[in-house]
Amino acid sequence: MAKVRYYYNTATCKYEPIRATKTGMFWNFMGFTAISFVLAIGIIYFYRTNFTPIKESVLRAENEQLKLDWTILNEELQTAYSHIEELEFKDDHIYRVILDTEPIPSTIRAAGTGGHDRYESLSNGKLSDPRRIISAYREVDDLKKKLYIQSKSYDEISTILEEKERIWSSRPAIQPINNKELKRIAGGFNPKRFHPILKKIHPHEGIDFSADIGTPIYATGDGVVTKAYRSTTYGNAIFIDHGYGYQTRYAHLNEFNIRNGEPVKRGQVIGYVGNTGRSQGPHLHYEVLFKYKAIDPINFFQRDLDNEEYEKVIELSKKETTPLDY
Ligand SMILES: [Zn+2]
């Protein structure tokens, strides 16, 4: 039951009940609504100003984490770039220099990767500013291209290295008999030798190593025995083709340790010192030929000599010596 309110009527000197009019009730209702509205606005404003909604604060935290991750990813990308640039530098300025090979042309390294549809799709996507994402995609594509070129370059270097190794192991590079003390060089290479029997200038186209009969003779580089033969001048002789223009001849042998057509490795025993053919005493006559022309073997002993020993060999080669073949 509604509570009845009274007022004191001075005219009748009585307390009389207050009777509510419709107009009064209307204004009361309007006043209450207005105050409620103002209070609601105030509360919302205060809340918005001083508190962040839970969903929004979660999104903000996620956004901050994404920004941090983005920065770290970009730093990682730049680190990868510097690593690949270091590999490119070593490739062009160390490996290829050692192998005497041209560096990869900068135009190939700098070649673009071509257009990508996904860049366009990113531009037309929902991101308000897709430039950073597009730029990152471009950098990743560029990095992938650099890695591909570098990988191909290593394949090429590997092939070149294998070929160089074949050349290095084929080239005559040691003495044909054990002569570390260099005591056995009896006669040097001499294109103007005066032949004691023929009484005329007759070149000595090899080096003579004095040694006891039966001393092992070694192939001076990898190759194939193209001839193991007997001649009146060279006696028992072996001819090895090393490829790349190089051949070697070993003469006056006592016996062979190989057959015609046999492949040989550097350091393999191919025969034994003798005194066959036109020889004045047990020795090995050794020749090196490049493109069928005899050249001084003294320049092909690098592998088994250190610098000091090599200087001694050069000194010996300048002395007038007497060959042991005639
Ligand atoms: Zn000789």
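Values in this text are rule-based calculations from the coordinates and carry no lab data. Keep in mind the model is a prediction, meaning the values are calculated, not measured. Glycine gets a Cβ as well: all are built from the backbone with ideal geometry, and neighbour counts include every protein chain shown.
Tell me the label-point distance for the pair GLN78, LYS199, using the 7 Å Cα-to-Cβ offset, in nm and rounded to one decimal.
About 8.9 nm, to one decimal.
Out of every Cα-Cα pair in the chain, what percent are more than 39 Å apart?
Details: 29933 of 52975 pairs.
Percentage above 39 Å: 57.
Evaluated at 10 °C with a viscosity of 1.306 mPa s, what Stokes-Einstein diffusion coefficient in µm²/s does the stretch 172-259 have when Rh comes from the Kirkwood expression over alpha-carbon pairs?
111 µm²/s
What list do you get for SER158, SER169 if you sort them by fewest beta carbons within 10 Å?
Values: SER158 10, SER169 14.
Starting with the residue having the fewest Cβ neighbours, the order is SER158, SER169.
For THR52 and ASN178, compute 0.36 nm times the residue count separating them, minus their Cα-Cα distance, and round to one decimal in nm.
So the chain would gain 36.2 nm between THR52 and ASN178.
Which angle between 0 and 90 degrees, to the nearest 10, do you get for helix 54-90 versus the longest principal axis of the chain when only C-alpha atoms count?
Result, in degrees: 10.
Can you pick out the pairs among LYS227/LYS293; LYS192/LYS293; LYS200/LYS293; LYS265/LYS312; LYS227/LYS291; LYS192/LYS291 whose Cα atoms lie more than 24 Å from each other?
LYS265/LYS312
Which order do the peptides 273-286, 122-135 take when ranked by the mean count of other beta-carbon atoms within 10 Å per residue, highest first?
By packing density, highest mean first, the sequence is 273-286, 122-135.
If I build a Gaussian network model for the chain, linking alpha-carbon pairs within less than 10 angstrom, which residue out of TYR148, TYR47, TYR81 has the largest mean-square fluctuation?
Among TYR148, TYR47, TYR81, the largest GNM mean-square fluctuation belongs to TYR47.
Which peptide among 250-262, 32-44 comes first, and what is the full order, when sorted by highest mean count of other Cβ atoms within 10 Å?
Top of the packing list down: 250-262, 32-44.
Taking the number of other C-beta atoms within 10 Å as the exposure measure, put HIS242, HIS195 in order starting with the fewest.
Arranged by neighbour count, lowest to highest, HIS242, HIS195 become HIS195, HIS242.
Across the stretch 185-318, what fraction of all alpha-carbon pairs, as a whole percent, falls in each successive 5 Å bin from zero upward?
Distribution as computed: 2, 11, 19, 24, 23, 14, 6, 2 percent.
Give me the number: length gained by fully extending GLN302 to TRP70, i.e. 0.36 nm times residue separation minus the C-alpha to C-alpha distance, one decimal in nm.
77.7 nm
In deg cm²/dmol, rounded to 500, what helix-only [θ] at 222 nm does the chain give when every DSSP H run of at least 4 residues adds -39500 (n - 2.57) and the total is split over its residues? If you can, show how the numbers build up before the last one.
Numbers: 6 runs with 129 residues, N = 326.
It lands at -14000 deg cm²/dmol.
Straight-line reach from LYS180: which aspartates and glutamates have a Cα under 16 Å away, not including same-chain ones fewer than 8 places off?
Once the sequence-local aspartates and glutamates are set aside, what remains near LYS180 is ASP208, ASP212, ASP304, ASP306, GLU308, GLU309, GLU311, GLU315.
Select from TRP27, TRP70, TRP168 the residue whose mean-square fluctuation is largest in a Gaussian network model of the chain (Cα-Cα springs shorter than 10 Å).
Of the options given, TRP27 has the highest mean-square fluctuation.
What is the Cα convex hull volume of the stretch 67-170 when expressed per residue in Å³?
Values: hull volume 10.6 nm³, N = 104.
It comes to 102 Å³ per residue, whole-number rounded.
How about the stretch 30-92: which trypsin sites (Lys or Arg not before Pro) there lie in a loop by DSSP and see at most 12 other Cβ atoms within 10 Å?
Details: sites: ARG48, LYS55, ARG60, LYS67, LYS90; in loops: none.
Within the stretch 30-92, no trypsin sites (Lys or Arg not before Pro) qualify (loop, at most 12 other Cβ atoms within 10 Å).
Find the centroid of the Cα atoms in the stretch 38-82 and in the stretch 119-161, then give the distance between the two in whole Å.
If you average the Cα positions of each part, the centres end up 31 Å apart.
For a quick check: sort THR52, THR101, THR21 by the number of other beta carbons within 10 angstrom, fewest at the front.
Values: THR52 12, THR101 15, THR21 9.
Going from sparsest to densest Cβ surroundings: THR21, THR52, THR101.
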